[in-house]
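Structure first, commentary second.
The values are calculated or read from the model by the stated rules, or taken from the named source; none is laboratory data. What you see is a predicted model, and the numbers here were worked out from it, not measured in a lab. A quick note on method: Cβ atoms are made from the backbone with ideal geometry, for glycine too, and the neighbour counts reach across all protein chains shown.
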Amino acid sequence: MQITVFKRILSAAGAALLCLLLPSCGKGVSYVEDPAEYVNTLVGTMSDFSLSAGNTYPAIALPWGMNFWTPQTGKDGDGWQYTYGAHEIRGFKQTHQPSPWINDYASFSIMPVRLQKGASYEGMLDQDARKSIFSHASETAMPYYYSVYLADHDVTAEITPTDRAAQMRFTYPESDESGFVIDSYGGSVEVIDSCTVVGITTSNHGGVPDNFANFFIVKSDKPFMVAASRGVSDVALAFPTVRGEQVTLKVASSFISAEQAERNLREADGSFDEVCAAAKARWNEVLGRIQVGGGKEEDYRTFYSCLYRSTLFPRKLWEEGRDGKPRHYSPYDGKVHDGYMYTDNGFWDTFRAQFPLLNLVYPDESARMLAGFANVARENAFLPEWCSPGHRDCMIGNNSASIVADAAVKGLVAPADLKALYDALVYGSEHVHPQVKSSGRLGCDYYNTLGYVPCDVGIRESVARTLEYAYDDWCILQIACILGRPQEELDKWEARSHNWRNVLDAESRLMRGRKQDGSFSEPFSPYKWGGDFTEGNAWHYTWSVFHEILPLVVAMGGNDSFEQMLDSVFVVPPIYDDSAYGFRIHEIAEMQVAAMGNYAHGNQPAQHVIFLYDYVGAREKTDKWVDEVRSRLYKATPDGYCGDEDNGQTSAWYVFSSLGFYPVCPGSNEYALCTPLFPKFRISPAGGKAFGAPKSDGNFITYEDLTK
Ligand code: CA
């Protein structure tokens, strides 16, 4: 059995581990209470195409909820659906968007209106005519509650979410011509009675079966008249209101059926205030699983705003059937099945720290997610690498292996599910999805014979693919060990996990493109983004050997040489070659403005790099750069991230580092240490034993030491 590779890493480092659990609370230091109040959902919204400060939107949602809601400042179809600098809101949208680059699907919006002189309900069907000016001064943005004053309509709108439903409360002025508009984004709406509208939205960007649909239902507590409609897709509903009159809508939807949507509507039973209180309690339960203490107020805001982002994705795509059991519409085979399903995630981003965070702190939810991914394996041949809601062609790697391995090593995957997942991973290592080239492994024939993906055979990002496939093979090895697979299978994965060596250029001590004939690519610039790499350059990708850092140290000439190369990342100027793209992509701009040389914390490939100093006994440099990144590149403000937040990954980095440890190699049980931001913390996983801050005289700690 070769499962204990991480132990090899530790013993080779000579790191003596000593772990003591601290008492739950020290003298005079108390933990943060009511953590939901520390979250600012507007963090990261001051972003655009050219420079991302997070590329987020204020998700009004429950943790991992099937539906999110957002105020909408952008037009329909604009991935930047809420931007901090915008002045007008066009509606409140049910959204499933994981990233502006993937965009939304199955969305629809609702907008309260009050006609001004000369306006018509007909006109309100136009998103430019119905939009209203607003100010952040009259906006409250919490995870469980959002409100804003829509000045042009003189209406205050409030929203509170459940997993699959929401309540909206509109406070109107005195008017004979009040009401609201429902826009199904090209779908259909049908008025059932004077208080009820049902609809179907199918908006998407491909990658789903033909029968894909989102069935929604809207119930008003005040009767309305149909005032205008556009085809079957949009409707304006009218009623008179007195000053201060409140109208409450209950809204729900389903990917299974209209009948299921009505069942999901029961989640919103009760008054607006009751639903809101339940939503807040849910967030406090989830955020409160990590209690921190002894820190600064401002850092608490950043910490819990990051933890909120780390607990939104992947979202539920399962619903509760008549018998209360989980069921889901499959975006893979178009059928309705029993069991769990989760979606909206780019594993290239989230395998690094976000899933490891869920596995450590939210093992109950992780276990359901992995049961869901096992269902994906049963419903089609491939695991996704980017799902939204089905396979999407985005990014590279085969990091579903990491998602499975990290959960499996922590004991969160049922044996039958693990076998189904393993079989899908084996299949994916030898095939590429016929339509979606990022699922499976593009270039696997080359990789499985040559030991690397050549840079001269028309497959872009060849070095990044090779490095990630090699790490993913190590992840598959961990799963194979747990399953007790035959030795020859273990030997195959073990051998392939060393394939990173095939793209390491000993002369430059950097990863470099390699041709089919074995020679390295010419010319070579470590500053060139893209090309043989993915949204990064050789300075970023050379360290993507998560599972064999010490062999990498040796291959690079030993501790001093490795440390010098790490130093160089931060010392070389932020120069770049963007010729592979033909323009400066936003990730390059974000590296430049951070003023940390060629270190690019705004994108994911380098986010573990700082912790590599731990492996060569230069812990003080880990601590120095962690402190600089934490204090300069994270804030609880609209420009609070230094690049795309990406489904909780960039946030999870902050959460881990604030607690004083980081999962450099997901799929192992090892964490690298840094100086924590908070002197005290307490993690209380549901059903597990609570634990506190690790104490070690080395640079590493294990999962067992932490949680025992
Ligand atoms: Ca990114």
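From the list P676, P663, pick out the single residue that is within 18 Å of G698 (Cα to Cα), away from the ligand (no atom under 16 Å from the Cβ) and surrounded by fewer than 24 Cβ atoms within 10 Å (Cβ to Cβ).
Unique residue meeting the criteria: P676.
Selection over the range 615-634 of residues that are more than 16 Å from the ligand (Cβ to nearest atom), touching a helix residue (DSSP H, G or I) at 6+ places or on another chain (Cβ under 6 Å) and not in a helix (DSSP H, G or I) gives a count of 1. Scanning the range 537-548 finds no residues that are more than 26 Å from V457 (Cβ to Cβ) and within 16 Å of the ligand (Cβ to nearest atom).
Within the range 78-97, identify whether any single residue is at pLDDT below 95 and hydrophobic (A, V, I, L, M, F, W, C), and answer yes or no. No, that holds for no residue.
Could you grab me the full set of residues in the range 70-94 that are β-branched (V, I, T), surrounded by fewer than 24 Cβ atoms within 10 Å (Cβ to Cβ) and under 24 Å from C394 (Cβ atoms)? Once the filter is applied, which keeps residues that are β-branched (V, I, T), surrounded by fewer than 24 Cβ atoms within 10 Å (Cβ to Cβ) and under 24 Å from C394 (Cβ atoms), the range 70-94 yields only T83. Please go through the range 259-297 and pick out each residue that is in a strand (DSSP E or B) and over 23 Å from F313 (Cα atoms). Listed by number, the list holds a single entry, G293. Within the range 477-501, the set of residues being surrounded by 18 or more Cβ atoms within 10 Å (Cβ to Cβ) and within 24 Å of G536 (Cβ to Cβ) comprises R496, S497, N499, W500. Taken together, the residues in the range 456-469 that are surrounded by fewer than 24 Cβ atoms within 10 Å (Cβ to Cβ) and either closer than 11 Å to D532 by Cα or at pLDDT below 95 (or both) amount to 4.
Okay, residues lined up against (1) polar (S, T, N, Q); (2) more than 18 Å from the chain's Cα centre (by Cα); (3) under 28 Å from E385 (Cα atoms):
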| site | (1), (2), (3) |
| --- | --- |
| G293 | no, yes, no |
| E297 | no, yes, no |
| T302 | yes, no, no |
| K316 | no, no, yes |
| G321 | no, yes, no |
| P326 | no, yes, yes |
| Y329 | no, yes, yes |
| Y332 | no, yes, yes |
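Residue count for the range 68-98 under the criterion of being in a loop (DSSP other than H, G, I, E, B) and in contact with a helix residue (DSSP H, G or I) (Cβ under 9 Å, 6 or more places away or on another chain): the result is 4.
Among the residues making up the range 648-660, a single one is crowded, with 24+ Cβ neighbours inside 10 Å and either of a type in the set (K, R) or outside any helix (DSSP H, G or I) (or both): G648. Among the residues of the range 354-385, the one identified as charged (D, E, K, R) and assigned to a loop (DSSP other than H, G, I, E, B) is E385.
All of (1) more than 16 Å from the ligand (Cβ to nearest atom); (2) under 27 Å from Q291 (Cα atoms); (3) out of contact with any strand residue (DSSP E or B) (no Cβ under 8 Å at 6 or more places or on another chain) hold for Q649 with one exception: (1). Pairs meeting the criteria (first residue in the range 480-500 and closer than 24 Å to K410 by Cβ, second residue surrounded by fewer than 18 Cβ atoms within 10 Å (Cβ to Cβ) and among the charged types (D, E, K, R), beta carbons under 7 Å, at least 6 apart or on different chains) are A480/E489; L483/K419. In the set (1) within 30 Å of S175 (Cα to Cα); (2) without any contact (Cβ under 8 Å) to a residue 60 or more places away in the chain, V242 fails one condition alone, (2).
Listed by first and then second residue, the pairs with beta-carbon distance under 7 Å, at least 6 apart or on different chains, first residue in the range 339-353 and more than 14 Å from A407 (Cα to Cα) and in a helix (DSSP H, G or I), second polar (S, T, N, Q) and away from the ligand (no atom under 13 Å from the Cβ), are W348/N399.
Return the total of residues in the range 219-235 being more than 35 Å from the chain's Cα centre (by Cα) and either in contact (Cβ under 8 Å) with a residue 60 or more places away in the chain or assigned to a helix (DSSP H, G or I) (or both). Residues flagged as more than 35 Å from the chain's Cα centre (by Cα) and either in contact (Cβ under 8 Å) with a residue 60 or more places away in the chain or assigned to a helix (DSSP H, G or I) (or both) within the range 219-235 amount to 4. Within the range 594-614, take every residue that is assigned to a loop (DSSP other than H, G, I, E, B) and either under 20 Å from Y471 (Cα atoms) or in contact with a Ser or Thr (Cβ under 9 Å, 6 or more places away or on another chain) (or both) and give me the one that is nearest to the ligand (Cβ to nearest atom). That would be N603. Across the range 389-438, the number of residues qualifying as under 30 Å from N214 (Cα atoms), in contact (Cβ under 8 Å) with a residue 60 or more places away in the chain and of a type in the set (K, R) comes to 1.
The C-beta contact set for the range 567-596 (first residue over 15 Å from S47 (Cβ atoms), second residue of a type in the set (G, A, S) and modelled with pLDDT under 95, distance under 7 angstrom, 6+ apart or interchain) is empty.
Number of residues in the range 549-593 that are basic (K, R) and more than 16 Å from the ligand (Cβ to nearest atom) equals 0. Scanning the range 654-668 for residues that are touching a Lys or Arg at 6+ places or on another chain (Cβ under 8 Å) and under 30 Å from C481 (Cβ atoms) gives S657, P663, P666. For the range 99-116, filtered to residues that are part of a loop (DSSP other than H, G, I, E, B) and among the small types (G, A, S), the residue that is surrounded by the most Cβ atoms within 10 Å (Cβ to Cβ) is S107.
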